[in-house]
Each structure stands twice: as structure tokens, then as C-alpha cells.
Amino acid sequence: MTRSYEFHQMTLSELEQEVILLLAKVLEISPQSLNRNSSMDNTRAWDSFAITFFIIELETHFNVDLNIRDIERFNSVENTARILKENYLSGSPLYEATT
């Protein structure tokens, strides 16, 4: 089983936990300080500089090439996980093109 397939099988809640772990790594904070509602508005370290590194982590971890229109909507843990699941890890054409 490939790593991409494993992510494809994740529930949205499980995917949110993966996003939290990656974001915590980038922001150099405890994952326990983040939750599905964490956003750029309520997470002090999550700024425009950090988003660049967050995108790199997401692309590397999930083995995807993110679309700029989707990246612009990565303003919370919940949105990021939902967009990843719907557009990249759901067996959609975007997902197929990156495997």
C-alpha cells in the first residue's frame, strides 16, 4: 500500500490531525495548542511567512502539487484538510495526476 493510498483512506478528522501535526512542526509549537478551528486569525505564529513552509510540508507529506486557488483558501486547519481530501486525496482527477 502506498502512502498516497493511505491518505486517501483517511477520514476528514484523521486528515485534520495530520494537518495539525504538520502545522505545529512549521510553527514550532505544540500540536496540543492547535485544533480543527485553528486559523491564521487566531494562531499568532501562523503568518504569511509560515504559510510558505506549511505549503511545502503539505506537498511533501501528501505527495501532491497544490493549486494556488486552493492554497489561498488554506486559512484554517479544517479548510485545509477538507480541500486536501476533496481535491487531492479523493480519487479525483487532480489526485490521479499527482500519483
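The values are calculated or read from the model by the stated rules, or taken from the named source; none is laboratory data. Bear in mind that the values here come from a model prediction, so they are computed numbers and not experimental data. Positions of Cβ are backbone-derived with ideal geometry, glycine not excepted, and every protein chain shown enters the neighbour counts.
Results, tabulated for the structure shown:
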quantity	calculated
Whichever residue in the stretch 60-78 is out of contact with any Phe, Trp or Tyr (no Cβ under 6 Å at 6 or more places or on another chain) and touching a residue at least 24 places away in the same chain (Cβ under 8 Å) and, among such residues, is surrounded by the most Cβ atoms within 10 Å (Cβ to Cβ)	Val77
Count - residues of the stretch 71-99 that are closer than 19 Å to Asp47 by Cβ and modelled with pLDDT under 95	5
Filter result for Glu86 (touching a Lys or Arg at 6+ places or on another chain (Cβ under 8 Å) and within 23 Å of His8 (Cα to Cα))	no
Residue list for the stretch 3-25, filter: farther than 23 Å from Ser90 by Cα and either loosely packed, with under 15 Cβ neighbours inside 10 Å or out of contact with any helix residue (DSSP H, G or I) (no Cβ under 8 Å at 6 or more places or on another chain) (or both)	Lys25
Sole residue being charged (D, E, K, R) and exposed (fewer than 14 other Cβ atoms within 10 Å of the Cβ), chosen from Glu28, Glu57	Glu28
